[in-house]
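A.B. asks: Can you read through this structure? Questions will come right after.
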Amino acid sequence: MASLVPLKEKKLMEVKLGELPSWILIRIFTSSRIVGAFQRGYDRYYNKYINVRKGSISEINMVLAAYVVFSYCISYKELKHERRRKYH
């Protein structure tokens, strides 16, 4: 059954893969909307993992894991070069 909701009003999770390019072209990407999206994401993360009654070490572990993955991606080129070198 076809959806009666216009493509412009659909959320990203509701868009089908075939509709994705046209959905991206319809969206308005201004600097204030991009900043607002990052702020909403930060607020959701903060309220879910940081601002809780019974806090645990998991929120710190998530930040550290993200840092490790990010730093690995940054230094991958040098690590790849070192991997091919022979030490003999």
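The values are calculated or read from the model by the stated rules, or taken from the named source; none is laboratory data. Since the model is a prediction, treat every value here as computed from it, not as a measurement. When we count neighbours, we look across all protein chains shown, and the Cβ atoms used for this are built from the backbone with ideal geometry, even at glycine. Each accessible area value is taken on the protein alone, full model and side chains, heavy atoms only, with ligands, DNA and RNA left out. Shrake-Rupley method; radii C 1.70, N 1.55, O 1.52, S 1.80 Å.
A.B. asks: Going through the range 28-76, which trypsin sites (Lys or Arg not before Pro) have at most 14 other Cβ atoms within 10 Å and a DSSP loop state?
C.D. replies: 53, 54
A.B. asks: In deg cm²/dmol, rounded to 500, what helix-only [θ] at 222 nm does the chain give when every DSSP H run of at least 4 residues adds -39500 (n - 2.57) and the total is split over its residues?
C.D. replies: On the way: 4 runs with 47 residues, N = 88.
Here the helix-only value at 222 nm equals -16500 deg cm²/dmol.
A.B. asks: Below 15 angstrom from the Cβ of residue 52, what's the summed charge of the other residues (Lys, Arg +1; Asp, Glu -1)?
C.D. replies: Overall, the nearby charge balance is +2.
A.B. asks: Okay, moving on. Report the accessible area of residue 11, computed with a 1.4 Å probe over the heavy atoms of all protein chains in place, in Å² rounded to the nearest 10.
C.D. replies: 140 Å²
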